[in-house]
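First comes the structure, then the notes that go with it.
No lab work stands behind these numbers, since they all come straight from the coordinates. Just so you know, these numbers come straight off a predicted model, no measurement behind them. Cβ: placed from backbone, ideal geometry, glycine included. Neighbour counts: every protein chain shown.
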2 protein chains.
Amino acid sequence: MFRTNTCGELRLSDAGKDVTLAGWVQRVRKMGGMTFVDLRDRYGITQIVFNNELDAKLNEAANHLGREFVIQAKGKVSERTSKNPNMPTGDIEILATELNVLNPSEVPPFTIEDDTDGGDDIRMRYRYLDLRRNPVRRNLELRHRMTMEVRRYLDSKGFLEIETPMLVGSTPEGARDFVVPSRMNQGQFYALPQSPQTLKQLLMVSGMDRYFQIVKCFRDEDLRADRQPEFTQIDCEMSFIEQNDVIELFEGMAKHLFKEIRGIELTEPFIRMPWADAMKYYGSDKPDLRFDMRFVELMDILKGHGFSVFDNAAYIGGICAKGAASYTRKQLDALTEYVKRPQIGAKGMVYARVEADGNVKSSVDKFYSQEVLQEMRKAMGAEPGDLILILSGDDVMKTRKQLCELRLEMGRQLGLRDKNKFACLWVVDFPMFEWSDEEQRLMAMHHPFTHPKDEDIALLDTDPAAVRADAYDMVINGVEVGGGSIRIHDSALQAKMFEILGFTPEKAQEQFGFLMNAFKFGAPPHGGLAYGLDRWVSLFAGLDSIRDCIAFPKNNSGRDVMLDAPAALDQKQLDELSLAVVIPEEKA
Amino acid sequence: MFRTNTCGELRLSDAGKDVTLAGWVQRVRKMGGMTFVDLRDRYGITQIVFNNELDAKLNEAANHLGREFVIQAKGKVSERTSKNPNMPTGDIEILATELNVLNPSEVPPFTIEDDTDGGDDIRMRYRYLDLRRNPVRRNLELRHRMTMEVRRYLDSKGFLEIETPMLVGSTPEGARDFVVPSRMNQGQFYALPQSPQTLKQLLMVSGMDRYFQIVKCFRDEDLRADRQPEFTQIDCEMSFIEQNDVIELFEGMAKHLFKEIRGIELTEPFIRMPWADAMKYYGSDKPDLRFDMRFVELMDILKGHGFSVFDNAAYIGGICAKGAASYTRKQLDALTEYVKRPQIGAKGMVYARVEADGNVKSSVDKFYSQEVLQEMRKAMGAEPGDLILILSGDDVMKTRKQLCELRLEMGRQLGLRDKNKFACLWVVDFPMFEWSDEEQRLMAMHHPFTHPKDEDIALLDTDPAAVRADAYDMVINGVEVGGGSIRIHDSALQAKMFEILGFTPEKAQEQFGFLMNAFKFGAPPHGGLAYGLDRWVSLFAGLDSIRDCIAFPKNNSGRDVMLDAPAALDQKQLDELSLAVVIPEEKA
């Protein structure tokens, strides 16, 4: 037996016991004739003491231990004279009588401490060492506990976890697929699923009634900071339900997780905010409601006073930053620069401070009388000490998105985005379609299987862009953690949807024939949603990126630098797959 | 709300309640002025009654319902006059007051009954309809319950479920990989994991201590009856353990599953049978111990009596089929044909009946005296009424495997392989290596990371073929449900192993450098195992193939005939991946 106890287990009540521990050497300290070794495993750290007077040879051996050596130590649990109240095992130490080096270690390339000296690149290359650090390990433990609780909850609600295949067909619609050449079917390819969407709908047709799966999904996209080519979804679908049933059940799941994982009891129902309101008041379909700072439209008040920027604008909107009137000119200039960055793209920013006496001092005072400014102040609900920030533009949606960025930045600067505070809501009534400038056609905002709102179905023929969907997103702290919809279960309506999306009947049949055919044999009304597990874990862990809640993530080029994958194949492998690599010549 | 209750829920105690049910029309029967509709969902069947006298129009509508229509029916729960004790809901029926057709259905291509009229092919093409059948649905429900219990058990033992990546590096050693071209890394490929073996070892190096994952794995093999290109593993690994720790913990898991899922309490420890004994007594490394019929070697008794087949044999072995002396000549000839089939390859079979008076009558009586035959009878432990079957050959292992097939066939014929009886064991002490005629070198019997038995390490230099491994398989009813080993955690020993397996140091570094490097930084002693989930579910479900415990399986050509995958790609997709399909010309 390698150990009788873990390194996080022993307490004062164990004093006197003979124990065997095993783990990694965190630290070796020599003090007089004693050597103190902090022994670490997943469960904690226990201090092992070697005493020159008792066993000089053993003490000498302990002195030669290096960081991250794997050792086994035997000895007696004993009360410490100087206790460490910061460690669960801090009341005791082990008086060593035996030491076995199970495996030595080279000096690790960075320190295995909560605050390490290792940069991102080296920690990714030696990810197995980075995972030894408490903060990273804790994220994986959290992930495990979250998936256990998700399963426990859904199982208790009658959901069956059903595995859908990883080798499916490619659907060029939507994001790019990762594909897998088939050796047995020459020249043909499987695709890895971007989500099990159509398969879970088939499971509803098959009468499975309540399905879920925690499942890997794949998207071959150019990677942004918070994207991974493979990611994990909590994928769910239910039959014989309406939108409200889905929302209530999964709001229940969210509350269950908040309670079990974070110890937070959310008793109030989540706000259900129509998409149009979310855009109007927060410029985002995933508003961060940890703080208010709602948009106020100022077109009526600020137009027509000779300030040409506003006079020509299609949208003028402001936010009120409570107590921020003390912002210096330098801070305000920095904010202006912030919104003018190409990623945000505002042309400029107007600000107005509400002074102690209630007077409004703005950056556009020469165009506006105090009377107009007071009118604006009232509209904004601003009080002495507050700062009003205003953006305008000739495209309503674009300007709102810019104002959203400004709002989030102000929230950050004012400390209103506390990672331990959670604001949850549902965004509902999404538009069915959005116009794609690139494709010059309407695209499905969610996906082509989304059910339009019953009261808007008539508009499909006359004004499809105005049709709203039975679609809903769950948003926490400005992060879309999940989303879904009621699906179309009627093959005629589904065919019409494909038509609006510009599919010829042949193309629709080719890509989604299996689903439309299935709908001919008694498809039940159904709907569901999918959560991004990585995002949700990150949110609960207070991480800025999903990367640190993934054991072995890929970098921004889609590479696993630890495994050094992807890599070139042997010619033999290519031949077996009937493939040739054809790298186009560089431009001359 | 689409329903107040499911179709499996209502009982006599619900009589008088107004309910709404929804589901599929299983059957419509017209009797006098009444129409009886069996309404089905995942949970059961409830009878809905329409009465011409109460509502002629409604009754007429019910008469027009077709099989598999999706309907919603409202009405009052009422006690049946003629109860059906075979149905949980058989005491009641619903007197319908309202009927809504939620979705009609075309006539399904086969009947949705426990015993369907649909052949394999059509059921696979319409898998979503096949899944509506009770026996198929029950397999998926069983699978869900098994994975829930596996997770519950492992979680209670401190295991963390950690997801490892699906896009990894290709390792040409072993079975063929499925590969995934990378668009962002031109000309390079990921591979889909054949198992997370090396990754879980890295997790041990990272101190995760106890890991598991229920995970999809991929192998691009020519498919046999019971193989799928993607399959699911229960993958586990532990640190600071010895073989016995792993065996005890996972024997506990098996017992937990038997109890929770099948209601069977296994109190005895599983037999641990050395591989050499399994081969000697059963001719298989996965013996079916539901019945005895052990091999008895008969070389000493039967050689040297002038029967040249035996006289020249390297192996002669028999089995005793209890009570089978009544086998007719025709049956015995059929058995002989059975073992002579090319898949088995025996040259012939000798039999001997023990008659009521104890006399032995054999097919080779002219070579053997009754005295010798009696000696054989005693060795075999055969009694009056028993049948002795004997095979011989010039290759010991091959002959044992033939005798194994004969034993299994006799077990089948004698009804000794009851699907509701379970015989579990561990096969231990596997050889480290096996000789490959194809490769003309030693190959790892498990994989190159398997730890040799400490007492055999010295043999690595002198007689590697004799080295036994710390490897173990769990076998149930002749099926290898899982297997694993203690791993090498020492980089020098690992390097030696690669050398024996014929890797140059460069090749070993190229393929497994990431693992060998990791071992330099304090790898703990570790080991684990992996279960084939599909096989285990099949075993518990009493299935002959793993296919029916998989929601959407592939056929023997690796095709999903429902999705019609794999398929050709658009040229645009190929171009983006820098790939060309090069199908070699057919031979002239």
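Could you list which residues have their amide H under 5 Å from that of A:Arg176, counting only those 5 or more apart in sequence or on another chain, with H placed in the peptide plane?
Sorted by chain and number, the residues that satisfy this are A:Asp220.
Amide H of B:Met443 versus every other amide H placed in the peptide plane: which residues, excluding those fewer than 5 positions away on the same chain, fall under 5 Å?
Amide H neighbours of B:Met443: B:Glu434, B:Trp435, B:Ser436.
If you put a point 7 Å past Cα along the Cβ direction, how far is that point for B:Gly542 from the same point in each other copy, in nm, smallest first?
List, nearest first: 5.5 nm.
Would you work out which of B:Thr399, B:Pro452, B:Gln413 lies farthest towards the positive end of the dipole of the range B:376-456, given +1 charges on the beta-carbon of Lys and Arg and -1 on that of Asp and Glu, about the Cα centre?
The residue sitting most towards the positive pole is B:Gln413.
Convert 4 °C to kelvin, take the viscosity as 1.567 mPa s, use the Kirkwood radius over C-alpha pairs of chain A as Rh, and evaluate the Stokes-Einstein diffusion coefficient in µm²/s, rounded to a whole number.
Approximately 45 µm²/s, per Stokes-Einstein.
What are the ³J(HN,Hα) values, in whole Hz, obtained from phi via the Karplus relation 6.51 cos²θ - 1.76 cosθ + 1.60 with θ = phi - 60°, for each residue of the range B:299-304 in sequence order, with x given for Gly and Pro?
Going residue by residue, I get 4, 4, 7, 9, 7, x Hz, with x marking Gly and Pro.
Using 7 Å Cα-to-Cβ label points, what is the B:Asn63/B:Met87 separation (nm, one decimal)?
Between B:Asn63 and B:Met87, the label points sit 2.2 nm apart.
Expressed as a whole number of Å, what is the distance separating the alpha-carbon centroids of the range A:173-247 and the range A:369-446?
32
Using θ = phi - 60° and the Karplus form 6.51 cos²θ - 1.76 cosθ + 1.60, what ³J(HN,Hα) does each residue of the range B:12-19 get, whole Hz, x for Gly and Pro?
Here the 3J(HN,Hα) series is 4, 5, 8, 3, x, 6, 8, 10 Hz.
A:Lys520 to B:Arg441: FRET efficiency via 1/(1 + (r/R0)^6), r the Cβ-Cβ distance, R0 51 Å, to the nearest 0.05?
After rounding to 0.05, the efficiency reads 0.35.
Working only with C-alpha atoms, what are the Rg and Dmax values of the range A:12-103, expressed in angstrom?
Cα radius of gyration and Dmax of the range A:12-103 are 11.9, 32 Å respectively.
Taking the protein assembly as shown as the region of interest, what is the percent of Cα-Cα pairs per 10 angstrom bin, listed from the shortest bin to the one with the maximum distance?
2, 8, 14, 18, 19, 16, 12, 7, 3, 1, 1, 0, 0
Amide H of B:Leu298: which non-local residues (sequence gap of 5 or more, or other chain) have their own amide H closer than 5 Å, using H built in the peptide plane?
Here B:Ile316, B:Gly317, B:Gly318 satisfy the definition.
Which residue, B:Ile264, B:Met1, B:Val582, has the largest displacement toward the positive end of the dipole of chain B when charges sit on each Cβ (Lys, Arg +1; Asp, Glu -1)?
B:Met1
Can you spot the lysines whose alpha carbon is less than 24 Å from A:Lys30's alpha carbon? Ignore those fewer than 8 places along the same chain.
Of all the lysines, those that pass the test against A:Lys30 - Cα under 24 Å, at least 8 places apart if same chain - are A:Lys57, A:Lys74, A:Lys76, A:Lys83.
Which FRET efficiency value, to the nearest 0.05, do you get for A:Lys76 and A:Asn134 by plugging their Cβ-Cβ distance into 1/(1 + (r/R0)^6) with R0 = 45 Å?
0.95
Mind listing the phi-derived Karplus ³J(HN,Hα) values for the range A:151-158, rounded to whole Hz, using 6.51, -1.76 and 1.60 with θ = phi - 60°, and x for any glycine or proline?
Each residue of the range A:151-158 in turn: 5, 4, 5, 5, 4, 5, 9, x Hz.
Taking the Cβ of A:Pro196 as the centre, find all other residues whose Cβ is under 15 Å away and add up their charges (Lys, Arg: +1; Asp, Glu: -1).
After counting each charged neighbour, the total is -1.
Less than 13 Å Cβ to Cβ from A:Ser239, Lys/Arg counted +1 and Asp/Glu -1: what total charge do the surrounding residues give?
So the surrounding residues net to +2.
With r defined as the distance between the Cβ atoms of B:Asn312 and B:Arg341 and R0 fixed at 25 Å, what FRET efficiency is calculated, to the nearest 0.05?
Given R0 = 25 Å and the Cβ-Cβ separation, E is 0.65.
First select every other residue whose beta carbon is under 13 angstrom from the beta carbon of A:Ser308; then total the charges, Lys and Arg +1, Asp and Glu -1.
+1
Run the label-point distances for A:Arg290 please: 7 Å along Cα to Cβ, every other copy, nanometres, shortest first.
Taking the point 7 Å beyond Cα along Cα→Cβ, the inter-copy spacings are 5.9 nm.
Taking the range B:291-413, how much of its Cα-Cα pair set, in percent, is spaced more than 24 angstrom apart?
17
Sort all Cα-Cα distances of the range A:202-261 into consecutive 10 angstrom bins from zero, then give the percent of pairs in each bin up to the one containing the longest distance.
18, 34, 34, 14
Projecting each Cα onto the charge dipole of the range A:291-413 (Lys/Arg +1, Asp/Glu -1 at the beta carbon, about the Cα centre), which of A:Val296, A:Ala382, A:Ala321 comes out farthest on the positive side?
Comparing the listed Cα positions along the dipole, A:Ala321 ranks first.
Looking at the calculated P(r) for the range A:195-350, what percent of the C-alpha pair distances fall above 25 Å?
Summing the P(r) tail past 25 Å for the range A:195-350 gives 58 percent.
Across peptide B:544-551, what mean number of C-beta atoms from other chains lies inside 10 Å of a residue's C-beta?
Mean inter-chain Cβ contacts per residue within 10 Å come to 2.
Shortest first and in nm with one decimal, please list how far the A:Leu414 label point sits from its counterparts in the other copies (point 7 Å along Cα→Cβ).
Result for A:Leu414, in nm, nearest copy first: 8.6.
Sort A:242-248, A:4-10 for me by packing, meaning the mean count of neighbouring Cβ atoms within 10 Å per residue, highest on top.
A:4-10, A:242-248
Quick one: if you stick a label point 7 Å off each Cα along the C-beta vector at B:Asp245 and B:Arg329, how many nm between them?
Spacing of the two 7 Å Cα→Cβ label points: 6.4 nm.
Among A:Ser239, A:Ser182, rank each residue by its count of other Cβ atoms within 10 Å, from fewest to most, as a rough exposure measure.
A:Ser182, A:Ser239
By per-residue mean of other Cβ atoms within 10 Å, what is the highest-first order of A:147-155, A:547-555?
A:547-555, A:147-155
Per 0.36 nm of contour for each residue apart, how much would the distance between A:Asp292 and A:Thr462 grow if the chain were fully extended, relative to their Cα-Cα spacing?
So the extension gain works out to 57.5 nm.
Given the rule -39500 (n - 2.57) for each run of at least 4 DSSP H residues, summed and divided by the residues of the protein assembly as shown, what is its mean residue ellipticity at 222 nm, to the nearest 500 deg cm²/dmol?
Result for the protein assembly as shown, helices only: -8500 deg cm²/dmol.
To the nearest 20 debye, what is the magnitude of the charge dipole of the range B:291-413 about its Cα centre, counting +1 on the Cβ of each Lys and Arg and -1 on the Cβ of each Asp and Glu?
In debye, rounded to 20, the range B:291-413 gives about 400.
About the Cα centre of chain B, how large is the charge dipole given +1 on each Lys and Arg Cβ and -1 on each Asp and Glu Cβ? Please answer in debye to the nearest 20.
Charge dipole, chain B, about its Cα centre: 1640 debye, nearest 20.
For the range B:401-436, run through the trypsin sites (Lys or Arg not before Pro) and keep only the ones in DSSP coil with at most 11 other Cβ atoms within 10 Å of their Cβ.
In loop regions of the range B:401-436 (DSSP not H, G, I, E or B), the sparsely surrounded trypsin sites (Lys or Arg not before Pro) are B:Lys421.
Where does the range A:135-275 land on the Kirkwood hydrodynamic radius, alpha-carbon pairs, in angstrom?
17.5 Å is the Kirkwood radius here.
When the Debye formula is applied to the Cα atoms of the range B:499-554, each taken as the same point scatterer, what base-10 log of I(q)/I(0) results at q = 0.12, 0.23, 0.28, 0.31 Å⁻¹?
For the range B:499-554, the Cα-only Debye profile gives -0.61, -0.87, -1.14, -1.18.
About the Cα centre, and with charges only on the beta carbon of Lys, Arg (+1) and Asp, Glu (-1), how big is the dipole of the range A:308-366? Nearest 20 debye, please.
Charge dipole of the range A:308-366: 200 debye, to the nearest 20.
Treating the Cα atoms of the range B:1-57 as identical point scatterers in vacuum, please give the log10 of the normalised Debye intensity I(q)/I(0) at q = 0.17, 0.18, 0.29 Å⁻¹, two decimals.
These q points yield log10 I(q)/I(0) values of -0.60, -0.67, -1.18.
If you only keep lysine pairs separated by 8 or more in sequence, or across chains, how many in the range B:291-413 come under 15 Å at the Cα atoms?
Lysine pair count for the range B:291-413: 7.
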